[in-house]
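Report on one structure; see the data block that follows.
The values are calculated or read from the model by the stated rules, or taken from the named source; none is laboratory data. The shown structure was predicted, so the numbers you read here are calculated from the model rather than taken from an experiment. Glycine gets a Cβ as well: all are built from the backbone with ideal geometry, and neighbour counts include every protein chain shown. Heads up: the accessible areas ignore ligands, DNA and RNA and are worked out on the full protein's heavy atoms, side chains in. Shrake-Rupley method; radii C 1.70, N 1.55, O 1.52, S 1.80 Å.
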Amino acid sequence: MTRPLVEVRNLKMHFPVHAGILRRQVGAVKAVDGVSFDIVEGETLGLVGESGCGKSTCGRAVLRLYDITDGEIIVDGRAIGQESQMSLRTMRPTMQMVFQDPQASLNPRMTVGAIIGEPLSEHTRMSRAERIARVGELMDQVGLNRTFVNRYPHEFSGGQRQRIGIARALALNPKFIVCDEPIAALDVSIQAQVVNLLEELQGRLGLTYLFISHDLSMVRHIADRVAVMYLGKLVELAPRDALYDTPLHPYTEALLSAVPEPDPAKAGQKRDRIVLQGDVPSPANPPDGCNFSTRCPRVMEVCSRIDPEFREVQPGHWAACHLHDSIRPSGTTRRHTEATTMVEPNKESNP
Amino acid sequence: MPDGDTRNVLEVRGLRTVFETRRGEVHAVNSVSFEVKPGELLGVVGESGSGKSVTMMSLVGLLPSPPAEVREGKVLLDGEDLLQVTPARLRDIRGSDVGFIFQDPMTSLNPVFTVGFQIMEPVRRHMGLNKKQARARAIELLELVGIPGAAGRLSDYPHQFSGGMRQRVMIAIALACDPKVLIADEPTTALDVTIQAQILEIIEDLRSKLGMAIVWITHDLGVIAGIADRVAVMYGGQIVEHAEVFPLFNDPRHPYTRALLKTIPTVSGKRAAKLQVIEGQPPMLGAAPTACAFRDRCPLAFERCHAENPQRETVGPGHDVACFHPLAHTAKEGAA
């Protein structure tokens with residue numbers, strides 16, 4: 001069965017910008033600006049992008065940790081886009097979150113037992129004994145020693161703290177977990193441990209993940225499908241192998257080519273890597289047309305005028321790029337579309 | 001080491017740094033030795049707490065003392081032992097002969113001074129240029145690191161720059177006095193991959209232009225594979241393996257190096273069904289090591305590893321390993 005557990009349509013999360021003595025709204029930071037995707041039950045959707053692209057905001061908005069500006073969110077058959085925070089409480093056990101920084105997301109004054117048990121006392125009518133039993137069970141599941149139940153977060157290492165965060169997220173038997181950069185704060189040798197744990201739990205409990213990360217190689221490992229975000233919008237969404245082997249969007253291509261490979265032989269060949277010039281524009285003041293048009297190595301005249309539509313270019317492979325418009329807007333752009341010729345990164349002319 | 005066509009610009013021998021804490025001594029750097037030649041890039045890889053940053057800070061006396069104390073060793077910069085010179089001489093060397101780039105450009109730039117002032121400061125201090133010359137030099141440096149409109153940006157403050165641009169400013173400051181050695185401590189870790197690619201390109205470019213020696217500290221093996229000539233792998237305050245970049249990646253001999261290479265997924269090539277894991281935690285540093293730091297996580301550990309701390313021994317040309325059980329020479333590990 002491949003029914004979508006999570007459906008997101010045209011999600012917008014704009015944060016108002018106030019200025020002047022009257023604190024009038026003068027604009028908005030369009031952190032998430034019209035994002036749509038589905039997550040099928042039991043799969044992992046990877047959401048990648050650079051810092052500031054809105055991927056974390058997107059993950060939090062999907063769980064309604066914010067009051068969203070616009071759009072529809074359906075989780076497990078229930079439309080939660082416009083529901084009040086109060087009525088959402090009954091939905092919370094279904095959808096949980098694992099945060100980036102296990103240091104900041106665990107209360108230093110609570111014991112591990114209290115942290116993992118808190119959702120149980122909030123959302124269930126378990127007795128104290130049942131709660132203790134469940135906490136022990138959860139600690140086993142994430143590979144924490146049960147005897148540590150009365151210890152405090154600071155007594156644990158980073159990887160173990162992240163296990164506490166995962167146990168807390170699992171406490172209420174959720175179906176859907178948003179993992180927001182769960183491994184970014186961990187050491188390389190510990191990252192693999194946590195990722196393997198997440199995969200193992202998914203297999204055992206049938207979990208569905210939205211895995212947010214800037215680490216493209218780790219996402220390639222864990223995700224079934226991958227969405228790439230740039231400046232508040234999805235630019236590409238495809239099954240994992242399609243995205244990594246044949247990216248359709250120039251941004252995805254540049255992003256992949258920028259990832260340093262732990263192989264000196266490949267690094268040697270990569271001298272022709274695509275180096276994007278400049279920085280990401282401010283989401284408060286995005287460029288006209290395509291958001292990526294200011295840095296795109298294959299930019300065309302149309303790109304700065306018309307925002308490309310996010311559409312299914314190949315079955316299951318979505319992209320928002322004029323290079324894949326079925327009807328070319330004008331003959332002059334045709335030469336840019338030969339997929340293999342990439343504009344050389346300017347090596348001699350530094351801007 | 002083998003071809004002695006150029007002498008080492010920086011030579012570190014048996015460096016030992018200890019922190020005196022209330023709970024006893026913490027031996028953060030244990031007999032670390034390495035050397036760099038002009039124009040060469042030495043990568044130093046290790047996880048957090050492996051002692052890589054402390055090593056580099058010990059070289060030029062950047063650690064507060066107490067609690068830190070450099071107990072033993074030699075740090076020879078062009079033959080001059082930096083551990084023996086006066087503090088005043090060390091101040092002359094820092095920022096001129098040895099340039100530093102730190103991880104986080106926001107916290108290492110002073111927010112209340114303009115970028116121009118911060119670039120001009122070392123130039124005026126060390127090279128004795130007057131204000132006008134220093135300004136010209138600052139513009140030249142900003143152009144060198146690829147900051148557009150350099151002259152106009154001298155009066156800007158650090159917060160007016162983006163992360164990547166700030167790191168370029170840091171590089172400009174580090175290069176201000178034509179250092180012989182540039183020490184870069186995780187210079188791209190705080191940056192996005194596309195910005196990291198820009199910075200790596202600048203460093204490559206500057207290295208061929210200016211010919212200084214670079215020591216590049218990182219935990220990212222991918223970055224190291226792309227830029228380093230030689231690599232030293234640190235674990236528990238020691239260098240456990242040291243080799244040229246190709247042998248290190250294709251034929252790692254220390255169990256830690258090999259395991260580390262296997263735990264990291266890649267964006268191309270074969271995708272492993274399950275990630276290889278190094279079980280356990282990196283060691284807590286404490287008293288002087290009396291056994292191999294990796295013994296508790298090592299699949300090959302035997303009695304001797306618990307009783308004695310292995311020293312680095314040569315296993316191939318320019319390749320040495322601190323292990324009693326160096327892994328067999330493999331013909332081809334491939335990209336797996």
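In this structure, does B:VAL223 turn out to be part of a helix (DSSP H, G or I) and either within 30 Å of B:ARG137 (Cα to Cα) or within 10 Å of chain A (Cβ to nearest Cβ) (or both)? Yes.
When A:SER293 is tested against (1) facing chain B (nearest Cβ under 10 Å); (2) within 30 Å of A:PRO315 (Cα to Cα), exactly one condition is not met: (1).
Suppose the filter is basic (Lys, Arg), open to solvent by less than 20 Å² (accessible area, probe 1.4 Å) and either at pLDDT 90 or above or out of contact with any Lys or Arg (no Cβ under 9 Å at 6 or more places or on another chain) (or both); does A:ARG295 pass it?
Criteria met by A:ARG295.
Tell me the residue from A:VAL75, A:VAL98, A:VAL62 that is among the aliphatic types (A, V, I, L, M) and out of contact with any helix residue (DSSP H, G or I) (no Cβ under 7 Å at 6 or more places or on another chain), please. Walk me through it before giving the result.
Values: A:VAL75 fails: out of contact with any helix residue (DSSP H, G or I) (no Cβ under 7 Å at 6 or more places or on another chain); A:VAL98 fails: out of contact with any helix residue (DSSP H, G or I) (no Cβ under 7 Å at 6 or more places or on another chain).
Exactly one residue qualifies, and that residue is A:VAL62.
Search region A:265-292 for residues being in contact with a Leu (Cβ under 8 Å, 6 or more places away or on another chain) and modelled with pLDDT under 90, and hand back the single one that is nearest to B:VAL145 (Cα to Cα). Only one residue fits best here, namely A:VAL280. If I filter region A:86-102 down to residues being farther than 15 Å from A:GLU122 by Cα and not aliphatic (A, V, I, L, M), which single residue comes out as least open to solvent (accessible area, probe 1.4 Å)? In this case the residue turns out to be A:PRO102.
The residues of region A:14-49 that are under 23 Å from A:GLU309 (Cβ atoms) and open to solvent by less than 10 Å² (accessible area, probe 1.4 Å), listed by number, are A:VAL32, A:VAL35, A:PHE37, A:ILE39, A:LEU45, A:GLY46, A:LEU47, A:VAL48, A:GLY49. Scanning region B:269-296 for residues that are within 12 Å of chain A (Cβ to nearest Cβ) and open to solvent by 40 Å² or more (accessible area, probe 1.4 Å) gives B:GLY269, B:LYS270, B:ARG271, B:ALA272, B:ALA273, B:LYS274, B:GLN276, B:VAL277, B:GLU279, B:GLN281, B:PRO283, B:MET284. Could you look through region B:102-149, keep only residues that are among the polar types (S, T, N, Q) and closer than 24 Å to B:THR189 by Cβ, and pick out the one that is most open to solvent (accessible area, probe 1.4 Å)? Among residues in region B:102-149 that are among the polar types (S, T, N, Q) and closer than 24 Å to B:THR189 by Cβ, the one most open to solvent (accessible area, probe 1.4 Å) is B:THR107.
Given the condition touching a His at 6+ places or on another chain (Cβ under 6 Å), open to solvent by less than 30 Å² (accessible area, probe 1.4 Å) and in a loop (DSSP other than H, G, I, E, B), answer yes or no: does some residue in region B:187-207 qualify? If you could, list the steps in order and put the result at the bottom.
Applying the first criterion (touching a His at 6+ places or on another chain (Cβ under 6 Å)) to region B:187-207 yields none.
Within region B:187-207 (the criterion being touching a His at 6+ places or on another chain (Cβ under 6 Å), open to solvent by less than 30 Å² (accessible area, probe 1.4 Å) and in a loop (DSSP other than H, G, I, E, B)), the answer is no, since none of the residues qualifies.
B:GLY79 meets the conditions (1) under 17 Å from B:ASP97 (Cα atoms); (2) small (Gly, Ala, Ser); (3) open to solvent by less than 50 Å² (accessible area, probe 1.4 Å) in every case but one. The failed one is (3).
Of all residues in region B:233-267, exactly one satisfies the criterion of being in a loop (DSSP other than H, G, I, E, B), open to solvent by 20 Å² or more (accessible area, probe 1.4 Å) and more than 7 Å from chain A (Cβ to nearest Cβ), namely B:ARG253. Residues in region B:53-71: is at least one in contact with a Pro (Cβ under 7 Å, 6 or more places away or on another chain), among the acidic types (Asp, Glu), more than 14 Å from chain A (Cβ to nearest Cβ) and surrounded by fewer than 17 Cβ atoms within 10 Å (Cβ to Cβ)? For region B:53-71, residues in contact with a Pro (Cβ under 7 Å, 6 or more places away or on another chain), among the acidic types (Asp, Glu), more than 14 Å from chain A (Cβ to nearest Cβ) and surrounded by fewer than 17 Cβ atoms within 10 Å (Cβ to Cβ): absent. Restricting region A:184-227 to residues that are within 16 Å of A:LEU45 (Cα to Cα), within 13 Å of chain B (Cβ to nearest Cβ) and in a loop (DSSP other than H, G, I, E, B), the residue that is least open to solvent (accessible area, probe 1.4 Å) is A:ALA223.
Residue count for region A:247-264 satisfying the condition of being more than 12 Å from chain B (Cβ to nearest Cβ) and either farther than 22 Å from A:ASN291 by Cβ or open to solvent by 10 Å² or more (accessible area, probe 1.4 Å) (or both): 1.
Give B:GLY79, B:GLY99, B:GLY146, B:GLY128 a once-over and let me know the one that is at positive phi, in contact (Cβ under 8 Å) with a residue 12 or more places away in the chain and of a type outside the set (A, V, I, L, M, F, W, C). Steps first, please.
Values: B:GLY79 fails: in contact (Cβ under 8 Å) with a residue 12 or more places away in the chain; B:GLY99 fails: at positive phi; B:GLY128 fails: in contact (Cβ under 8 Å) with a residue 12 or more places away in the chain.
Testing whether each residue is at positive phi, in contact (Cβ under 8 Å) with a residue 12 or more places away in the chain and of a type outside the set (A, V, I, L, M, F, W, C) leaves just B:GLY146.
Yes or no: region A:155-173 includes at least one residue that is in contact with a strand residue (DSSP E or B) (Cβ under 6 Å, 6 or more places away or on another chain) and among the aromatic types (Phe, Trp, Tyr). No, there is no match, as no residue in region A:155-173 is in contact with a strand residue (DSSP E or B) (Cβ under 6 Å, 6 or more places away or on another chain) and among the aromatic types (Phe, Trp, Tyr).
Within region A:50-80, can you find the residues that are in a loop (DSSP other than H, G, I, E, B), open to solvent by 40 Å² or more (accessible area, probe 1.4 Å) and among the aliphatic types (A, V, I, L, M)?
Pass one, region A:50-80, residues in a loop (DSSP other than H, G, I, E, B): A:50-54, A:63-69, A:76-77, A:80.
Retained after the next criterion (residues that are open to solvent by 40 Å² or more (accessible area, probe 1.4 Å)): A:51-52, A:65-67, A:69, A:76-77.
Selection gives A:LEU65 alone.
So which residues in region A:139-171 are within 26 Å of the chain's Cα centre (by Cα), away from every other protein chain (no Cβ under 14 Å), open to solvent by 20 Å² or more (accessible area, probe 1.4 Å) and farther than 13 Å from A:PHE99 by Cβ, if there are any at all? Passing the criteria: only A:GLN141.
A quick yes/no check of all residues on (1) touching a strand residue (DSSP E or B) at 6+ places or on another chain (Cβ under 9 Å); (2) modelled with pLDDT of 85 or more; (3) within 14 Å of chain A (Cβ to nearest Cβ); (4) buried (at least 18 other Cβ atoms within 10 Å of the Cβ):
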| site | (1), (2), (3), (4) |
| --- | --- |
| B:ARG153 | no, yes, yes, yes |
| B:GLN160 | no, yes, yes, no |
| B:LEU175 | yes, yes, no, yes |
| B:PRO179 | yes, yes, no, yes |
